[in-house]
Amino acid sequence: MYPTLIQFGSFRIDTYSVIWFIALSIAIIWSIKRLALYELDEDESRRIMAISFMCMILGAMTLEHIHDIPSYVRNPSSIPSLSNWGLSEMGALLGAFISALVLCIFSKKVSFMKLCDTTIIPTMLSIAIGRWGCFLNGCCVGQPSNFCLAVHFPFDSAGITRHPVQIYYSVIAFVIVLFLLYAEKKILPLQKQNYQKNYHSVITPLGIILYSLMRFAIVPVRDEHSLWVMIRYMATYQVLAAIFPLVCVWLVYSLLRLKVDSSHK
């Protein structure tokens with residue numbers, strides 16, 4: 001693995017941060033390019049996206065350590081430094097989602113549902129790219145295995161190989177991107193018929209469901225925890241388990257409303 005990209009003396013740039021920076025930059029640029037597709041006000045949308053980006057970073061840093069906050073309060077010296085703080089992918093998504101929702105509620109120019117549909121596919125692409133940063137950093141590793149795709153990580157003893165779950169995440173996320181693009185091509189013409197009335201998001205709940213299924217499906221080969229242990233002790237999986245039924249209802253409702261509205265044309 002290559003956790004360090006550049007180092008001069010004490011100055012160090014880690015590969016993880018660089019790849020995730022590139023991934024997020026691509027997602028932001030692509031999202032801006034997609035604003036016209038959903039007929040969103042560009043200036044207002046950019047403002048909301050900029051604030052949501054900052055909330056995304058805050059959410060990523062918070063959810064990763066939310067269970068450790070009581071111990072940090074008791075012993076402040078145990079708080080990790082920024083260089084090894086760690087980030088939560090789900091925390092980032094949640095931070096951006098909630099902040100965008102609040103900002104769009106007070107905005108008269110930007111529809112929250114349209115903005116979500118604009119950004120969900122670039123977001124999934126950022127995950128597909130960013131997970132390679134996790135792989136090169138050697139974090140988020142899988143269980144020891146002799147599977148044909150298993151990889152040896154430097155921190156393990158010689159002869160021990162593990163599931164490269166970071167690559168599994170990346171490949172599946174990229175497939176989700178392609179599937180969502182296909183679904184968008186089929187659904188967007190129907191949605192545009194109702195732009196001036198009711199807009200029902202389909203791509204966003206579909207994307208969240210596929211993302212959740214991806215996370216749950218990889219649990220058996222990640223670390224040495226069962227799905228139940230993950231849901232019980234990890235905030236990411238607690239959030240996914242809580243919102244998954246709600247998002248399924250959201251998707252079904254949107255599809256039904258889209259069908260009803262289209263039949264009235």
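Mind listing whichever residues of region 136-178 are charged (D, E, K, R) and surrounded by 19 or more Cβ atoms within 10 Å (Cβ to Cβ)?
So in region 136-178, the residues charged (D, E, K, R) come out as 156, 162.
Matches in region 136-178: Arg162 only.
When you go through (1) under 21 Å from Lys108 (Cβ atoms); (2) under 20 Å from the mean Cα position of the chain (by Cα) one by one for Phe21, which number turns out not to apply?
Result: Phe21 fails condition (1) only.
Using the structure shown, decide if Ser126 is under 17 Å from Val219 (Cα atoms), assigned to a helix (DSSP H, G or I) and either within 24 Å of the chain's Cα centre (by Cα) or of a type in the set (A, V, I, L, M, F, W, C) (or both).
no
Quick check on my filter: what residues within region 214-253 are touching a Leu at 6+ places or on another chain (Cβ under 8 Å), closer than 17 Å to Ile167 by Cα and open to solvent by less than 50 Å² (accessible area, probe 1.4 Å)?
Once the filter is applied, which keeps residues that are touching a Leu at 6+ places or on another chain (Cβ under 8 Å), closer than 17 Å to Ile167 by Cα and open to solvent by less than 50 Å² (accessible area, probe 1.4 Å), region 214-253 yields Arg215, Phe216, Val219.
Criterion first (touching a helix residue (DSSP H, G or I) at 6+ places or on another chain (Cβ under 6 Å), open to solvent by less than 70 Å² (accessible area, probe 1.4 Å) and of a type in the set (Phe, Trp, Tyr)) does Tyr211 satisfy it?
So Tyr211 does not fit the description; no.
Ser25 - would you say it is in contact with a helix residue (DSSP H, G or I) (Cβ under 7 Å, 6 or more places away or on another chain) and either among the polar types (S, T, N, Q) or surrounded by 14 or more Cβ atoms within 10 Å (Cβ to Cβ) (or both)?
Criteria not met by Ser25.
What pairs come up if the first residue lies in region 96-108 and is part of a helix (DSSP H, G or I), the second is open to solvent by 90 Å² or more (accessible area, probe 1.4 Å) and of a type in the set (D, E, K, R), and their beta carbons are under 9 Å apart, counting only those six or more places apart or on different chains?
Sorted first by the residue in region 96-108, then by its partner, the pairs are Leu103/Arg47.
The values are calculated or read from the model by the stated rules, or taken from the named source; none is laboratory data. The structure presented is a predicted model; accordingly, all values stated were derived computationally and were not measured. Quick reminder, even Gly has a Cβ in these numbers, built from the backbone with ideal geometry, and neighbours come from all protein chains shown. Areas reflect the complete protein model, heavy atoms only, side chains present, ligands, DNA and RNA absent. Shrake-Rupley method; radii C 1.70, N 1.55, O 1.52, S 1.80 Å.
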